[in-house]
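Trainee: The structure's right below; bear with me while I get my questions together.
The values are calculated or read from the model by the stated rules, or taken from the named source; none is laboratory data. Just so we're clear, the structure is a prediction, and the values are computed from it rather than from any experiment. All Cβ positions, even for glycine, are placed from backbone atoms using ideal geometry, and neighbour counts span all protein chains on display. These accessible areas exclude ligands, DNA and RNA; they are computed on the full protein's heavy atoms, side chains included. Shrake-Rupley method; radii C 1.70, N 1.55, O 1.52, S 1.80 Å.
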Amino acid sequence: MNADILREKFLEFFKAKGHKIIASDSLVPKDDPTVLFTPAGMNQFKKEFMGFDSGFKRAATAQRCLRTDDLEKVGKTSAHHTFFEMLGNFSFGDYFKKEAITWAWEFLTKELAIDPNKLWVSVYQDDDEAYNIWKDQVKLPEKKIVRLGDKDNFWPAEAKTKGPNGPCGPCSEIFYDFGPNVGCGEKVCDPSCSCGRFVEIWNLVFTQFNRKEDGSLEPLPNKNIDTGMGLERLAAVMQGKQNNFETELFQPIIQEVVRGLSPQGAVPGKKLLYAIADHLRAVVFSIYDGITPSNEGRGYIVRKIIRKSVMHLRSLGINKPFLNRLVGQLAQIMRSPYPDLKDRQEDIARVILNEENSFINTLSLSSSLVNNEVEKLSTMLNKDPIENGIIIASANTSGCLGLAAFRLYDTNGIPLEITKDELAKKQIKLDPNFEVVFADGLEKQKNLSKSFSKMKGDVFDAKGLGLKLDATEFIGYKENSAEAKVLAILKDGKEASEVPAGDNLQIILDQTPFYAESGGQVGDTGKLVNGQNVFEVTDTQKIDNVILHLGKISFGVFKQGDQVTAQIDLERRQNIARNHTATHIVQAVLREILGKHVQQQGSLVTAEKFRFDFTHPKGLTEEEISKVEEVANRYINNDYAVGCRQMAFDEAKKTGALAFFEEKYGECVRVVSVGEISKEFCGGTHLASIGEISLIKITSESSVASGIRRIEGVTAGFAQQFIQEQEQKAIEESKKSDKLKAQKELEKKRSVEINKMLPAKSLALMDKCVTINGIKTVFSVENDLDINALRSLTDMIKEKLSPGVIVLGSGNAGKASLVIGLTQDLCAKGLSAKDMIIQVASIIGGSGGGRADFAQAGGSAPENFTLVFDKIKDIITKL
């Protein structure tokens with residue numbers, strides 16, 4: 001039974017049990033700062049677990065997940081993955097242990113027809129209720145029910161003693177027994193043994209307690225169920241495979257890698273093939289969910305996984321970009337749950353290709369990168385002993401090199417072995433402390449990586465959920481002002497019944513025309529008025545379905561129960577609407593000009609400007625930007641109508657409406673259309689027709705990340721103002737250019753005049769020639785000459801005397817220029833102008849260099865030329 005069938009059977013089974021089937025959430029947790037990636041099926045239901053009513057008490061999902069805490073184990077074991085799908089059923093204060101246990105057993109033994117004799121279970125050591133359900137209702141033999149402790153059968157693990165605070169509870173796990181021929185072979189072996197004979201396929205979590213700050217557990221008023229079953233592991237069990245990587249979820253990818261190997265190459269180890277197949281899935285679905293490779297946060301993890309894959313491929317003898325070529329195989333494997341992956345596979349492959357090329361180029365520069373680190377430690381290395389030409393690095397030096405090696409690995413992806421090879425080429429013998437320090441850095445990084453997948457702080461962030469309030473009715477699509485009732489006033493996060501002027505507050509109304517920040521659009525501003533009492537709204541935010549009006553009382557007093565008139569700043573709202581509608585037009589035009597691969601990756605819509613991020617492999621040319629503006633403004637001139645419709649999610653998708661990857665949509669969605677040119681899912685505020693935009697002007701185009709571009713722009717009066725400012729700037733630049741041009745002409749003319757004077761000046765200086773130690777010398781300060789004229793004058797004098805040394809200086813306003821010229825006969829005897837300039841440059845407060853016959857220096861002390869001349873005379877005298 002393949003994974004697609006298993007996924008469908010699971011969802012259909014729980015749908016028949018009254019569960020609402022919820023689409024998988026993104027790998028980027030929305031409004032959840034406790035995790036970096038979505039690590040489990042329960043994450044998208046945190047509000048429901050805390051008592052928020054979303055209209056359903058039972059749910060089931062097939063959630064895509066990503067965990068990085070076991071990254072180094074991937075491929076080395078049969079069941080560790082970074083990316084995986086978690087099948088889960090959930091109850092929010094509805095059914096509890098009995099139903100969770102009996103339905104799980106029914107699904108496995110009846111729906112999937114797994115032999116009951118192959119199944120064992122574990123329960124928490126103190127959970128007699130779960131134990132008895134398994135024994136008395138499921139009729140599982142007691143020898144197959146194993147009691148385990150806090151670490152294995154309590155969620156979160158060891159939460160009773162170590163935290164975090166919040167909802168927690170015992171769990172019961174279901175194991176598949178591969179039989180006595182697998183694993184340790186001991187007569188007494190059960191799920192508590194890690195030999196591999198027993199594999200966990202389903203974890204049932206009974207969330208029945210709340211862990212308090214003092215570590216005590218209090219019963220929850222509403223008990224919840226949270227279950228998770230790895231699809232990959234279930235598929236392996238159903239297909240008789242002891243290793244998840246041997247299923248159809250991975251094998252087509254693995255076989256494609258094998259086909260890419262050299263026929264003369266050695267048979268590859270399976271561990272590397274397994275790791276590459278796993279990492280491809282993690283990378284592709286991360287990019288699918290809008291995470292692009294970068295040097296921080298989620299993007300750093302994606303970059304790291306791609307780099308590990310490149311190194312695995314190199315170990316197999318594939319040294320060119322190859323991971324990107326596997327995206328099509330994955331799109332085919334996942335075509336049933338993710339049909340749109342096929343449409344996006346070229347864009348995703350392009351992002352991976354760019355990253356592969358970049359890393360392969362970095363690897364080619366590894367020698368230079370290591371050399372840079374060695375140079376930084378040259379002082380330490382110079383103090384270390386040398387034996388037979390080999391530097392014996394001390395423990396301290398080796399530790400510093402180990403830290404550098406970790407830095408190269410962490411920042412550039414350079415593997416440790418490559419760094420060690422480069423150090424060996426430099427004849428550096430390392431102390432064991434090198435590996436100790438490197439390992440320490442690696443361990444700290446691993447712990448950080450683990451923290452990305454684990455919860456931070458309390459289990460659930462209950463901010464904003466403590467108030468038992470009905471959803472705020474938003475009427476701002478049609479109304480700009482409305483009569484409303486104050487339901488609550490929050491001051492410093494706590495309810496207040498009455499508040500005077502001057503304090504920062506959050507006011508909640510029963511209905512409001514104020515749009516709360518969402519989907520990239522900023523929140524409305526305006527006023528709440530009750531007679532002479534005025535509340536200035538400076539921002540509008542939303543927590544769940546409750547809209548918060550943030551601001552300050554400018555006059556009077558507000559209290560709970562007041563009737564107010566809610567008035568938005570209409571002019572500001574109109575400017576925001578112009579910019580929001582403009583982003584829809586810009587996306588449509590970009591897709592028209594650049595291609596259908598263009599997908600929104602983020603946006604910001606304010607009253608003054610808009611910002612739009614989108615997928616595209618390279619920067620736009622000036623011609624392309626001009627074309628986007630031209631087409632967008634042509635559409636504006638046609639004044640197409642803007643339409644907004646509420647429709648079922650599936651129906652909206654069928655119409656071709658574009659959805660933004662980060663947004664989570666319900667069953668009913670709002671679709672905004674602009675004539676026939678654009679159709680998008682959108683909850684923002686828009687114009688009635690696009691002629692009101694008047695004008696779109698793109699102000700900048702830049703890179704956000706690999707494969708992600710950003711356009712910023714303005715509309716209407718802001719666009720006109722920008723154009724006027726650019727025109728004024730061009731005029732000023734033109735004037736500045738003309739002035740510079742005139743200045744250059746004057747300098748050119750002056751240079752011509754000076755060059756005419758140089759022959760006569762050279763003759764005059766010859767008259768000042770002084771012979772020292774048999775060498776003819778010329779010393780002079782010529783403040784009216786620049787460095788180029790000094791050089792020319794020196795060459796002229798050198799032609800007229802031999803053997804000769806010419807030393808000329810020029811200085812003014814704290815700036816000194818010095819040149820030294822030697823005739824060839826002196827150079828032939830081993831004298832050098834470069835050596836002389838190095839000895840005297842510091843006297844004029846500078847430095848210099850050059851050749852044997854000519855050298856120059858610059859400095860800040862022209863008053864010291866006499867000292868320079870004396871020094872050079874002394875050098876010549878001592879020759």
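Trainee: Just need a number here: residues in the range 50-87 that are aromatic (Phe, Trp, Tyr), at pLDDT 85 or above and more than 22 Å from TYR288 (Cβ to Cβ).
Mentor: Number satisfying all stated conditions: 1.
Trainee: Can you confirm whether SER24 is hydroxyl-bearing (Ser, Thr, Tyr), modelled with pLDDT of 90 or more and part of a loop (DSSP other than H, G, I, E, B)?
Mentor: Yes; evaluated as a whole, the condition is true for this residue.
Trainee: State which residue is nearest to LYS187 (Cα to Cα) when the search covers only the range 110-143 and only residues that are open to solvent by less than 20 Å² (accessible area, probe 1.4 Å) and of a type outside the set (A, V, I, L, M).
Mentor: Applying the filter and picking the extreme gives SER122.
Trainee: Restricting to the range 287-308, what's the tally of residues that are of a type in the set (Ser, Thr, Tyr) and either in a loop (DSSP other than H, G, I, E, B) or modelled with pLDDT of 95 or more (or both)?
Mentor: 2
Trainee: Select from the range 1-12 the residues that are part of a helix (DSSP H, G or I) and open to solvent by 20 Å² or more (accessible area, probe 1.4 Å) and list them in ascending order.
Mentor: Within the range 1-12, ASP4, ILE5, GLU8, LYS9, LEU11, GLU12 meet the criteria.
Trainee: I've got another one for you. Among the residues of the range 838-858, which ones are charged (D, E, K, R) and touching a Cys at 6+ places or on another chain (Cβ under 6 Å)?
Mentor: The one that is charged (D, E, K, R) and touching a Cys at 6+ places or on another chain (Cβ under 6 Å): ASP853.
Trainee: With the requirement that a residue be in contact with a Gly (Cβ under 8 Å, 6 or more places away or on another chain) and surrounded by fewer than 19 Cβ atoms within 10 Å (Cβ to Cβ), what does the range 312-341 give you?
Mentor: If the condition is that a residue be in contact with a Gly (Cβ under 8 Å, 6 or more places away or on another chain) and surrounded by fewer than 19 Cβ atoms within 10 Å (Cβ to Cβ), then GLY317, ARG325 are the ones that fit.
Trainee: So which residues in the range 642-668 are open to solvent by less than 40 Å² (accessible area, probe 1.4 Å), under 22 Å from ALA582 (Cβ atoms) and modelled with pLDDT of 90 or more, if there are any at all?
Mentor: Answer for the range 642-668, where residues must be open to solvent by less than 40 Å² (accessible area, probe 1.4 Å), under 22 Å from ALA582 (Cβ atoms) and modelled with pLDDT of 90 or more: VAL642, GLY643.
Trainee: Quickly run through the range 473-518 and pick out the residues that are assigned to a strand (DSSP E or B) and open to solvent by 80 Å² or more (accessible area, probe 1.4 Å).
Mentor: Listed by number, the residues that qualify are GLU473, GLU483, LYS485, LYS494, GLU495, GLU498, ASN504.
Trainee: Still on this structure, please answer the following. Please state which one of ILE585, ILE636 is touching a residue at least 60 places away in the same chain (Cβ under 8 Å), more than 28 Å from the chain's Cα centre (by Cα), farther than 30 Å from ASP470 by Cα and open to solvent by less than 10 Å² (accessible area, probe 1.4 Å).
Mentor: ILE636 is the lone residue from the list that is touching a residue at least 60 places away in the same chain (Cβ under 8 Å), more than 28 Å from the chain's Cα centre (by Cα), farther than 30 Å from ASP470 by Cα and open to solvent by less than 10 Å² (accessible area, probe 1.4 Å).
Trainee: Kindly indicate whether any position in the range 207-222 is in contact (Cβ under 8 Å) with a residue 40 or more places away in the chain, outside any strand (DSSP E or B), within 18 Å of ILE174 (Cα to Cα) and open to solvent by less than 10 Å² (accessible area, probe 1.4 Å).
Mentor: No.
Trainee: Taking the conditions exactly as written (of a type in the set (Gly, Ala, Ser) and open to solvent by 30 Å² or more (accessible area, probe 1.4 Å)), does SER832 satisfy them or not?
Mentor: No; evaluated as a whole, the condition is false for this residue.
Trainee: May I pose another question? List every residue pair whose Cβ atoms sit under 9 Å apart, with the two residues 6 or more apart in sequence or on different chains, where the first one lies in the range 715-733 and is free of Cβ contacts under 8 Å to residues at least 24 places away in the same chain and closer than 22 Å to ASN575 by Cβ and the second, anywhere, is open to solvent by less than 50 Å² (accessible area, probe 1.4 Å) and part of a helix (DSSP H, G or I).
Mentor: Sorted first by the residue in the range 715-733, then by its partner, the pairs are GLY717/ASN575.
Trainee: Now, a different point. Can you name the strands (runs of 3 or more DSSP E) wholly within the range 685-800 that have at least 1 residues being of a type in the set (A, V, I, L, M) and either in contact with a Phe, Trp or Tyr (Cβ under 8 Å, 6 or more places away or on another chain) or over 30 Å from LEU604 (Cα atoms) (or both)?
Mentor: 708-715, 770-772, 775-781
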